[in-house]
1. Given the structure, is Arg296 at pLDDT 95 or above and either open to solvent by 60 Å² or more (accessible area, probe 1.4 Å) or under 30 Å from Tyr95 (Cβ atoms) (or both)?
2. Tell me, which strands (runs of 3 or more DSSP E) lie completely within the range 97-141 with 3 or more residues that are modelled with pLDDT of 95 or more and touching a Cys at 6+ places or on another chain (Cβ under 9 Å)?
3. Please tell me if Val306 is open to solvent by less than 80 Å² (accessible area, probe 1.4 Å) and at pLDDT below 95.
4. Take the residues in the range 162-182 that are open to solvent by 10 Å² or more (accessible area, probe 1.4 Å), in a helix (DSSP H, G or I) and of a type in the set (A, V, I, L, M, F, W, C); name whichever of them is nearest to Val100 (Cα to Cα).
5. I'd like to check something: does the range 126-148 contain any residue that is β-branched (Val, Ile, Thr) and closer than 20 Å to Cys290 by Cβ?
6. What about Ile114, is it under 26 Å from Ile222 (Cα atoms), under 12 Å from the mean Cα position of the chain (by Cα) and among the β-branched types (Val, Ile, Thr)?
7. Give all pairs with beta carbons closer than 6 Å in which a residue from the range 1-23 that is touching a residue at least 24 places away in the same chain (Cβ under 8 Å) and under 20 Å from Lys97 (Cα atoms) meets a residue that is open to solvent by 50 Å² or more (accessible area, probe 1.4 Å) and assigned to a strand (DSSP E or B); count only pairs at least 6 apart in sequence or on separate chains.
Amino acid sequence: MVLVEGRATSRTAILNKPSSLNALDTAMAARLKRLYESWEENPDIGFVLMKGSGKAFCSGGDVVSLYHSLNEGNVDECKMFFETLYKFVYLQGTYLKPHVAILNGITMGAGAGISFPGMFRLVTNKTVFSHPEAQMGFHPDAGASFYLSRLPGYLGEYLALTGDKLNGEEMIACRLATHYTLDERLSWIEERLSKLITDDPSAIETSLAQYGDIVYPNKRSILFKIDTIDRCFGHDSVEEIIDALENEASVANDEWCKMVLKKMRVASPLSLKVTLKSIREGRFQSLAQCLVREYRISLAKISKEVSNDFCEGVRARLVDKDFAPKWGHPSLKDVSEDMVDRHFSPLPEVESELELPTALREPYM
C-alpha cells in the first residue's frame, strides 16, 4: 500500500505495509509509477519525497508472495512484478524533479533500488542497508548492479556476495547517501521540507544540511578493511575470492576473514557466481542496460530452468525459517560456466525483453 501526503509544492509517497517491513509488491510498484508520472507532469509540484511507515523504509521485494505465486504456477504474475518494479526504478533514475528519499530504518534489496537513483538520500542513526539476495538464492537487482559496481574499490562485490550491512555513517562515507541526521531530528527536517515552495535542488539541499550532521564511520567499520576487501574481492572468480580470504585468514589469523567466509558459504553457490558476473558487467553499463540484464537474470531465477534456488532460499530463510537451504548445486565446483551464462542470455522469442523508454528519458546519474 502506498499513501500520499500533499504539501504546498511537494508530494510524499509513503510505503505503508509495516507488518512486512514495507516489502514491495506489484500493486505498490505500479502505484508508485503512476503517482510519479503524474507528479512529474504537474507544474504545481516542485519536488517529491519517499519514506516508509514503522521501523523500516523498505525491506525489498515481497519475496514470500513471489514464492507462493511460483509454487502455485503463477509465473506470469512474478514476471509482472519484476517488469513493473524495474520500470519504476528507471523512472526514478531519470526523474526530472528533485527527489528526497528518507531512508530511516531497514533499507534492503529493491528498497535501495527504488530510492538510490533519486537526487537526495537522507539516512539516520537507524538506517541499515544490505543486499542479502545471494544468501536467498537470488541476485542483487532493481539497479543494484549499477550502483554497487560504482562503489569504491571492490566494496560492491563484497556487499553483494556476503550480504553484509552498512549503517548510515558508512553509507555517507561511500556516497550511497547524500545527507545524515539523527532519527530524533527527522521530524524537524520533514517539517522544514513541507514548508518549502520551490523546485530548486539547492534550496532542498540547504534544508537537508540545516539539520544534518557531519559523521564518520567508527574504527570497527568494514570501510577500514577496504585494502583487504580489494585484495580479496578484486579477483576474477568466486573460487579465487574464497582462496584469497582463506589465505588471509590463515596467514594473519584474521577473524574477520573467517566471518566473511562463513557468510559466503551459506549463500547459493550458483547465486554467488551469477552475482559476481552481474556486478562486473554493471561497471561498464548504463542504468538501463543493468536493468535489462537484471530482468533476464530474474526471469531465469523464477523459471527454475537452471535451479530452484530462489524458492528454496526464501523457504529456508522466510517461510519455514530452518535456515538450512538445500541448494540445487551445493558447491562451487558443481556450477558450470554454462549454468551461469544461461542467466545472461537474451530471452527466447516467446518472452519480451524489458523495454525502457531510453529514447525519451536520459538518466542524470
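The values are calculated or read from the model by the stated rules, or taken from the named source; none is laboratory data. Treat the numbers as computed from the prediction; the structure is a model and nothing was measured. Quick reminder, even Gly has a Cβ in these numbers, built from the backbone with ideal geometry, and neighbours come from all protein chains shown. Only protein heavy atoms, including side chains, enter the accessible area calculation; ligands, DNA and RNA are left aside. Shrake-Rupley method; radii C 1.70, N 1.55, O 1.52, S 1.80 Å.
1. Yes; evaluated as a whole, the condition is true for this residue.
2. Per the criteria, 106-108.
3. Yes.
4. Ile172
5. no
6. Against the criterion (under 26 Å from Ile222 (Cα atoms), under 12 Å from the mean Cα position of the chain (by Cα) and among the β-branched types (Val, Ile, Thr)), Ile114 qualifies.
7. Once the first residue is touching a residue at least 24 places away in the same chain (Cβ under 8 Å) and under 20 Å from Lys97 (Cα atoms) and sits in the range 1-23, its partners that are open to solvent by 50 Å² or more (accessible area, probe 1.4 Å) and assigned to a strand (DSSP E or B) give Thr12/Glu5; Ile14/Leu3.
Residue-wise test of (1) at positive phi; (2) more than 24 Å from the chain's Cα centre (by Cα).
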| residue | (1), (2) |
| --- | --- |
| Ser250 | no, yes |
| Leu261 | no, no |
| Arg280 | no, no |
| Phe284 | no, no |
| Leu291 | no, no |
| Tyr295 | no, no |
| Ala316 | no, no |
| Lys321 | yes, no |
| Pro325 | no, no |
